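K.L.:
Okay, here's the structure, questions in a sec.
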Amino acid sequence: MWKRWVPVLALLALCAGTGAPKDAKSVLDDVSKAIGAASLNTIQYSGSGVYSQFGQSYLPNGPYPKFYAKYTRVVDYGKNISREEMVRTQFENPPRGGGGQPLYRPARGVTVTGENSPWGGGAVALTPHGWVKAAMASNPTMKSMSVKGKQMTVISFTVRDKYKVNGYVDSQNLLEKVETWMPNPILGDTLIETDYSDYKDFSGVKFPMKIFQKDGVFPVLDLTVSDVQPNAPANLEAPRAPQTAAHVESQKIADGVWYLAGTPDPNSMAVEFKDYVVIIESSVTEARALANMEEVKRLAPGKPIRYHVNSHHHSDHAAGLRAYVAEGSIVLTHEMNKKFYEQMVLKNPHTLEPDRFSQNPKPAKFIWVKDKYVLSDGDRSLEVYTVPGAGHTANLLMSYLPKEKILFITDIFNQFGEPRPNDPPPGIVTPYYAALGDNLKRLHLDVQQLAPSHGKAVVSVDLLNKALEGVVKAPEVTPPSGN
């Protein structure tokens, strides 16, 4: 008789030891207790490591350029406000890619996110304690899965009824990874992964001393935390609502040629031919690209935007590319972009922020530029050249009007009018300027005016020539007036 009850008693003992099956809320309670989330109202942490500039790779679909970084973040969980400060210094040698390279002095950047930010206060949820608080305030779901041979509990919830967030909890009730998806005008719904490890205790609050983040498939932050201050004074003010409206100011620089300045930067240029118009530069947002199109249709009514010149793949210069495809324009771009544009930019889903191409898909028409391509109507011609040795990207294009002697150039020549971290000290010529000068000599281009995509207006080529001589002080620039 006794032997018949042994298995039953063993089962009861096992149930008593493990407790009832847990749900998502109970797992979150355990995580909250393990890391001290309930008593944490604010936190400040800082450290150093490597930061990689998203969307600024040297090669299409290549890793992002690296910078040495000193990093500090302050989070107010009650207000859902986060303030990040980063000081970058040069890492790449020689410089390869964007992000303001080469940096001749430290570059400081500050980002404040809150309820008025595009993701609202959701950015706070991408910290361990913020994740717990956000998950407990939502309707989380739970599942178990094996990750690299390690059993994990995955808690999922949604921010603003739009952004899915997954948190991976280990057997010690520590959050090891958070993943979510963010909209990007080029890559579409982009996976953001943040890994947390090496937790340490700070007066009852556990915090990870290693933070590693990827945007897409490439790293953007590899941080070693050196200082953590739970419930530190925050004194954070909510950021203003972002100004989303794009604004274009067209400046006539020759008959049928306009410099499309405005906000957000960078700028574009429109060139009118007998039966069509060409717009050079895709811009930083779809909204700015669409605003450029509307302005060009006003300037040259009845003429289609038949061609669009895309200078390169960087996130601030190709965000409007899908809009031009939806417009039916033929896109001229470097042949190196073929795989990246066809297999990723035009195929990745854009469900979080459907764009013009999502709503009006059309077959893409490309002209892949190898060395040079010329558009001409018999009277006016536009010469599009590759720019080898630029350093900024391996696939950079520049556009030249031989009759007007105007060169539209992107990134390797900028004109802001004030000192910036990537402005060289006197006597030093930035390698990007040097590459531009070498290519102008190689191609025997008679350039008199430069139209920079980043800048205030069209300027004389003398500005470049002086810079190549080591004279870096920019003269006053008066933008042309009229349309």
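The values are calculated or read from the model by the stated rules, or taken from the named source; none is laboratory data. Everything numeric in this text was worked out from a predicted model, so none of it was measured. Ideal geometry is used to build each Cβ from the backbone, glycine not excepted, and the neighbour counts take in all protein chains shown.
K.L.:
Tell me yes or no: at least one residue of segment 392-404 is farther than 27 Å from D462 by Cα and over 22 Å from the mean Cα position of the chain (by Cα).
P.N.:
No, the conditions are met nowhere in segment 392-404.
K.L.:
Moving to a separate point now. Would you mind stating whether P95 is in a loop (DSSP other than H, G, I, E, B), touching a residue at least 12 places away in the same chain (Cβ under 8 Å) and in contact with a helix residue (DSSP H, G or I) (Cβ under 8 Å, 6 or more places away or on another chain)?
P.N.:
yes
K.L.:
Scanning for something in contact with a helix residue (DSSP H, G or I) (Cβ under 6 Å, 6 or more places away or on another chain) and closer than 30 Å to M344 by Cα, does segment 38-52 turn up at least one residue?
P.N.:
no
K.L.:
Please verify whether segment 336-345 includes one or more residues that are surrounded by 14 or more Cβ atoms within 10 Å (Cβ to Cβ), over 24 Å from the mean Cα position of the chain (by Cα), of a type in the set (A, V, I, L, M) and farther than 29 Å from K466 by Cα.
P.N.:
Looking for residues that are surrounded by 14 or more Cβ atoms within 10 Å (Cβ to Cβ), over 24 Å from the mean Cα position of the chain (by Cα), of a type in the set (A, V, I, L, M) and farther than 29 Å from K466 by Cα, one finds none in segment 336-345, hence no.
Every residue, every condition in (1) in contact with a Phe, Trp or Tyr (Cβ under 6 Å, 6 or more places away or on another chain); (2) surrounded by 17 or more Cβ atoms within 10 Å (Cβ to Cβ); (3) in the same structural domain as I305 (by TED's automatic domain parsing), yes or no:
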| residue | (1), (2), (3) |
| --- | --- |
| L352 | no, no, yes |
| P363 | no, no, yes |
| D377 | yes, no, yes |
| D423 | no, yes, yes |
| P426 | no, no, yes |
| D446 | no, no, yes |
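K.L.:
Which members of segment 342-376 meet the condition of being closer than 29 Å to K162 by Cα and in contact (Cβ under 8 Å) with a residue 40 or more places away in the chain?
P.N.:
M344, V345, N348, P349, H350, T351, L352, E353, D355, R356
K.L.:
Assess whether N414 counts as being buried (at least 19 other Cβ atoms within 10 Å of the Cβ), of a type outside the set (D, E) and either assigned by TED's automatic domain parsing to the domain that holds G97 or farther than 30 Å from G378 by Cβ (or both).
P.N.:
The answer is yes for N414.
K.L.:
Which is on the phi < 0 side of the Ramachandran plot, surrounded by fewer than 22 Cβ atoms within 10 Å (Cβ to Cβ) and touching a residue at least 40 places away in the same chain (Cβ under 8 Å), of M142, M86?
P.N.:
M142
K.L.:
Return yes or no: is M142 of a type outside the set (D, E) and out of contact with any strand residue (DSSP E or B) (no Cβ under 6 Å at 6 or more places or on another chain)?
P.N.:
No; evaluated as a whole, the condition is false for this residue.
K.L.:
Something else about it: Being among the small types (G, A, S), within 19 Å of the chain's Cα centre (by Cα), crowded, with 17+ Cβ neighbours inside 10 Å and on the phi > 0 side of the Ramachandran plot narrows it down to one residue among G122, G99; which is it?
P.N.:
Residue meeting the stated conditions: G99.
K.L.:
Right, something else. What about T180, is it out of contact with any helix residue (DSSP H, G or I) (no Cβ under 8 Å at 6 or more places or on another chain), closer than 24 Å to V220 by Cα and either surrounded by 18 or more Cβ atoms within 10 Å (Cβ to Cβ) or among the hydroxyl-bearing types (S, T, Y) (or both)?
P.N.:
When the stated conditions are applied, T180 does not pass them.
K.L.:
Another one. Taking L9 as the residue in question, decide whether it is outside any strand (DSSP E or B), modelled with pLDDT of 95 or more and among the hydrophobic types (A, V, I, L, M, F, W, C).
P.N.:
In short, no.
K.L.:
Taking only pairs six or more apart or across chains, which ones have beta-carbon atoms under 6 Å, a first residue in segment 106-120 that is under 19 Å from M86 (Cβ atoms), and a second residue that is aliphatic (A, V, I, L, M)?
P.N.:
Short answer, once both residue conditions are applied: P106/V87; R108/V87; G109/M86; T113/A123; G114/I81; G114/A238.
K.L.:
Right, here's the next one. Of the residues that sit in segment 249-264 and are part of a strand (DSSP E or B) and under 22 Å from the mean Cα position of the chain (by Cα), which one is nearest to S399 (Cα to Cα)?
P.N.:
Out of the qualifying residues, it is A261.
K.L.:
Within segment 39-53, which residues are under 28 Å from K338 (Cα atoms) and surrounded by fewer than 21 Cβ atoms within 10 Å (Cβ to Cβ)?
P.N.:
Answer for segment 39-53, where residues must be under 28 Å from K338 (Cα atoms) and surrounded by fewer than 21 Cβ atoms within 10 Å (Cβ to Cβ): just Q53.
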